[in-house]
Amino acid sequence: MEYFVYILECADNSLYVGCTNNLERRLEQHNNSKRGAHYTKIRRPVILKYKEIFKTLKEARGREAEIKSWKRERKLNLFKNHTDMKIKTSWDLGLLYKNSDDPKIEKDLQAIEHGCQAFEKKYRGQNFTASPATLAQAYNDFEILNKKLGEYGPSWYFALRTDLNSADNKSRALETKYNERLTGAMNRLEFFELTIAQIAPAKQQAFLKHPALKPYVYALTLIFKQAKFNLSEGEEQLKSLLLPTSYSMWIDTQNKLLSQQIIKYRGKGLPLAEAMAKIPDLPKRDRRLIHQEANAVLKSISHVAEGEINAVYNYKKVMDKRRGYEKPYSATILDYENDEPTIENFVALVSKHFKIAHRFYKLQAKLLGEKKIKLADRAVKIGKIKTKFDFPTSVSILQSALGKIDQEYLNLFNDLLAKGQIDAFSQKGKKSGAYCWGNGQLPTFLLLNHVDDIRSLETLAHEMGHAIHLELSKRQPPRYQGHSTATAEVASTFFEQIILGEIADRLPPQEKMILLHNRILGDISTIFRQIACFNFELELHQKIRQGGQVPKEEIAKLMAKHLKSYLGPAVEIIPDDGYFFVYWLHIRNFFYVYTYAYGQLISKALYEKYRSDPTYADKIKQFLLAGRSMSPEEIFKSIGVDTSQPAFFEAGLKEIERDIAELESLSKKQ
């Protein structure tokens, strides 16, 4: 039996919250029968504005009581634009420009060029670092310029068009063309922070303590930390010009090649990304066949990936050596504003606990009735959650979850849906995976490849977490808008935790075991798998730096080795599984993957605090509003989480062990 919690709008505009197991009959009673509630009998007619469905009366009564305790404004925001809103599932890039020939594109390009030129003319060669007061005035002008630059998006527009259709060669060419102009314009500003970085170390503390520079203290601290790795201005400009040809074009070529690959399944052709996303939900024979075919496809194009990987890794080697970075990951950790020893200890700690993942995969094999499983089986669910998570259903669930936390989050989500800022479905030529894009004051866009499963719902929540973080950070001044990559992954995975909690409340007991299994799968993938990838990247960088180049066969062998390291003896890895390096795009974004594990463990802690005390949502919002105004460690410490202590991360790992132990216990009862 189903139970409904509902909200009615009465004739006097007041709201009524009720619970029933027959909504149609109860609405009839509220409007026409003596059996209607006394409150509604004297306020007829009433209109149904919102409903939620539960499996048990206990859950429905609990939710009814919760909503009744809310103030009117929060109830209104729960269903405002919720049931009847029109959802757009394709991007409306007209929010940026009308089309590729829009004259505003050239106008914006010229505005950027003129703005950079005027700033350079005013400050180049001037002694603006002579005193804290002169630097404060210059930095204020720099802020005004950056705020203006954040309103323009010529090259971004064409990059987004290309992500929707890799065969759109016109957009690809225009993106390259306009990027060259923008790089030339932005190079005019290189002198500014390079000049600040030259402030003598003996004077830096005096500048940081001066009242006139108080708004810029953290930004200046980052500049001073980066100072010893800076190149000359000419070299920095040359680096910016070479980046597209020595890095971006290689990556774009690989993305284009991947997006055009088709996997045959039951007589139909599926885009590679869609086929691989389906693997965990298919019967054993089908998933292993698709996995095998995917391996064959990746191996067949691995010669391109070989050239690409060796090119971009050697490019990084040259840049790191010239700048003076000691280790391949040093630049990334500094850029993400983390402390290097802390992250090294974190990676070592998670690697030391790979045995937790081994334990899970041993249980996974048992649950699947196998002595050993194959790589295609690692993410297989132990049962199906009957709810079909098509896109409208996923939207509704996320709306409900966001509305419970903060009405502003719900409003932001509804705006993205209504304005065409979410591209939902997979298609040939579209970039695989998912991301959230935003820059300055430009509209935020989410790219998805939704395939109607629970993971797609989690991905929607994940990317919406990024979007909320991005939108709230826009309240910071330009220098602190956005976020460190390390904090970004905390925001996204926190909202994943929220959506899993929302689903759990709606499931009957027998399906909660499946959800527990899914949650562990997510933790294993996000924490242990990503640190194994970090270790793979590190060893690959070291081999390329020592030997100049590494052939595709050796890269595949190295990938297989690190897959085994976290999967353990219960998972059979064959040589061709190593060609997954062709598809794993994160290894091109050097060492980015550690932030997934870092973010997941922190978000689990935040979620536990929120679950035990819903008022902690205010602290969560404080973190999201902070943007990049402090280091990640300082931001989390300000809301009661000390990430400098290894014991903090160990506690999160032990929580995963407890989940596995619970799943082991439940499996014995089945």
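Select from region 400-426 the residues that are out of contact with any His (no Cβ under 9 Å at 6 or more places or on another chain), in contact (Cβ under 8 Å) with a residue 60 or more places away in the chain and under 20 Å from Asn449 (Cα atoms) and list them in ascending order.
Leu417, Ala418, Lys419, Gly420, Gln421, Ile422, Asp423
Quickly run through region 370-379 and pick out the residues that are crowded, with 20+ Cβ neighbours inside 10 Å and hydrophobic (A, V, I, L, M, F, W, C).
If the condition is that a residue be crowded, with 20+ Cβ neighbours inside 10 Å and hydrophobic (A, V, I, L, M, F, W, C), then Ile373, Leu375, Ala376 are the ones that fit.
Would you mind finding the one in Tyr97, Tyr139, Tyr178, Tyr157 that is closer than 30 Å to Val395 by Cα and either assigned to a helix (DSSP H, G or I) or open to solvent by 50 Å² or more (accessible area, probe 1.4 Å) (or both)?
It is Tyr157.
Being part of a helix (DSSP H, G or I) and within 30 Å of Ile144 (Cβ to Cβ) is true for just one of Leu470, Leu417, Leu398, Leu500. Which residue is that?
Details: Leu417 fails: within 30 Å of Ile144 (Cβ to Cβ); Leu398 fails: within 30 Å of Ile144 (Cβ to Cβ); Leu500 fails: within 30 Å of Ile144 (Cβ to Cβ).
After applying the criteria, what remains is Leu470.
Give me a count of the residues in region 421-469 that are polar (S, T, N, Q), within 19 Å of Ala379 (Cα to Cα) and surrounded by fewer than 23 Cβ atoms within 10 Å (Cβ to Cβ). Outline the logic, then answer.
Initial filter on region 421-469 (polar (S, T, N, Q)): 421, 426-427, 432, 439, 441, 444, 449, 456, 459.
From the residues that got through so far, the ones that are within 19 Å of Ala379 (Cα to Cα) too are 432, 449, 456, 459.
Those still in the list that are surrounded by fewer than 23 Cβ atoms within 10 Å (Cβ to Cβ) too: 432, 449, 456.
Summing the residues that are polar (S, T, N, Q), within 19 Å of Ala379 (Cα to Cα) and surrounded by fewer than 23 Cβ atoms within 10 Å (Cβ to Cβ) in region 421-469 gives 3.
Can you tell me which residues in region 46-56 are open to solvent by less than 80 Å² (accessible area, probe 1.4 Å), farther than 14 Å from Lys75 by Cβ and in contact (Cβ under 8 Å) with a residue 40 or more places away in the chain?
Going residue by residue through region 46-56, those that are open to solvent by less than 80 Å² (accessible area, probe 1.4 Å) are 46, 48-50, 52-54, 56.
With the extra rule that they be farther than 14 Å from Lys75 by Cβ, the set shrinks to 46, 53-54, 56.
The answer is Ile53, Phe54, Thr56.
Being within 33 Å of the chain's Cα centre (by Cα) and assigned to a helix (DSSP H, G or I) is the filter here, so list the residues in region 189-207 that pass it. Reasoning before the result, please.
Filtering region 189-207 for residues within 33 Å of the chain's Cα centre (by Cα) gives 189-194, 196-197.
Matches in region 189-207: Glu190, Phe191, Phe192, Glu193, Leu194, Ile196, Ala197.
Since Tyr315 meets every condition but one in (1) free of Cβ contacts under 8 Å to residues at least 12 places away in the same chain; (2) under 27 Å from the mean Cα position of the chain (by Cα); (3) open to solvent by 30 Å² or more (accessible area, probe 1.4 Å), which condition does it not meet?
(1)
Tell me, yes or no, whether region 474-494 has at least one residue that is hydrophobic (A, V, I, L, M, F, W, C) and open to solvent by 10 Å² or more (accessible area, probe 1.4 Å). Reasoning before the result, please.
Narrowing region 474-494 to residues hydrophobic (A, V, I, L, M, F, W, C): 486, 488, 490-491, 494.
Filter once more, so that each one left must be open to solvent by 10 Å² or more (accessible area, probe 1.4 Å): none.
Among the residues of region 474-494, not one is hydrophobic (A, V, I, L, M, F, W, C) and open to solvent by 10 Å² or more (accessible area, probe 1.4 Å), which makes the answer no.
Is it true that Glu73 is touching a residue at least 40 places away in the same chain (Cβ under 8 Å) and open to solvent by 70 Å² or more (accessible area, probe 1.4 Å)? If you could, list the steps in order and put the result at the bottom.
Values: touching a residue at least 40 places away in the same chain (Cβ under 8 Å): yes; open to solvent by 70 Å² or more (accessible area, probe 1.4 Å): yes.
Yes, satisfied.
Any idea which of Arg43, Arg26, Arg61 is open to solvent by 50 Å² or more (accessible area, probe 1.4 Å) and more than 27 Å from Pro509 (Cα to Cα)? Can you show your working first?
On the way: Arg26 fails: open to solvent by 50 Å² or more (accessible area, probe 1.4 Å); Arg61 fails: more than 27 Å from Pro509 (Cα to Cα).
Step by step, each of Arg43, Arg26, Arg61 is checked, and only Arg43 is open to solvent by 50 Å² or more (accessible area, probe 1.4 Å) and more than 27 Å from Pro509 (Cα to Cα).
Please list, ordered by first then second residue, the pairs with beta carbon atoms under 6 Å, 6 or more apart or interchain, first in region 203-214 and farther than 13 Å from Gln137 by Cα, second part of a helix (DSSP H, G or I) and open to solvent by 30 Å² or more (accessible area, probe 1.4 Å).
Listed by first residue and then by second, the contacts come to Leu208/Val217.
Out of curiosity, is Thr332 closer than 30 Å to Gly234 by Cα, among the β-branched types (Val, Ile, Thr) and open to solvent by 10 Å² or more (accessible area, probe 1.4 Å)? Working first, answer last.
Values: closer than 30 Å to Gly234 by Cα: yes; among the β-branched types (Val, Ile, Thr): yes; open to solvent by 10 Å² or more (accessible area, probe 1.4 Å): yes.
Yes.
With respect to Lys669, determine if the residue is modelled with pLDDT under 90, farther than 15 Å from Arg529 by Cα and more than 24 Å from the chain's Cα centre (by Cα).
Numbers: modelled with pLDDT under 90: yes; farther than 15 Å from Arg529 by Cα: yes; more than 24 Å from the chain's Cα centre (by Cα): yes.
Criteria met by Lys669.
For Gln427, are the conditions met, namely being modelled with pLDDT of 90 or more and of a type in the set (S, T, N, Q)? Walk me through how you get there before you give the answer.
Values: modelled with pLDDT of 90 or more: no; of a type in the set (S, T, N, Q): yes.
Considered against the rule, which asks whether it is modelled with pLDDT of 90 or more and of a type in the set (S, T, N, Q), Gln427 comes out as no.
Would you be able to tell me the number of residues in region 241-299 that are open to solvent by less than 60 Å² (accessible area, probe 1.4 Å), hydrophobic (A, V, I, L, M, F, W, C) and assigned to a helix (DSSP H, G or I)?
The total comes to 14.
Given the conditions (1) over 24 Å from Asp377 (Cβ atoms); (2) crowded, with 16+ Cβ neighbours inside 10 Å, which single one is not true for Lys225?
Only one criterion is unmet by Lys225, namely (2).
Going by what's in this entry, would Ile87 be described as of a type in the set (Val, Ile, Thr) and over 25 Å from Met186 (Cα atoms)?
Details: of a type in the set (Val, Ile, Thr): yes; over 25 Å from Met186 (Cα atoms): yes.
For Ile87, the condition - of a type in the set (Val, Ile, Thr) and over 25 Å from Met186 (Cα atoms) - is met.
The values are calculated or read from the model by the stated rules, or taken from the named source; none is laboratory data. The structure displayed is predicted, hence computed values, not measured ones. Methodologically, a virtual Cβ is constructed for each residue, glycine included, from the backbone with ideal geometry; neighbour enumeration extends over all protein chains shown. Side chains are part of the model used for accessible areas, which takes the heavy atoms of the whole protein and leaves out ligands, DNA and RNA. Shrake-Rupley method; radii C 1.70, N 1.55, O 1.52, S 1.80 Å.
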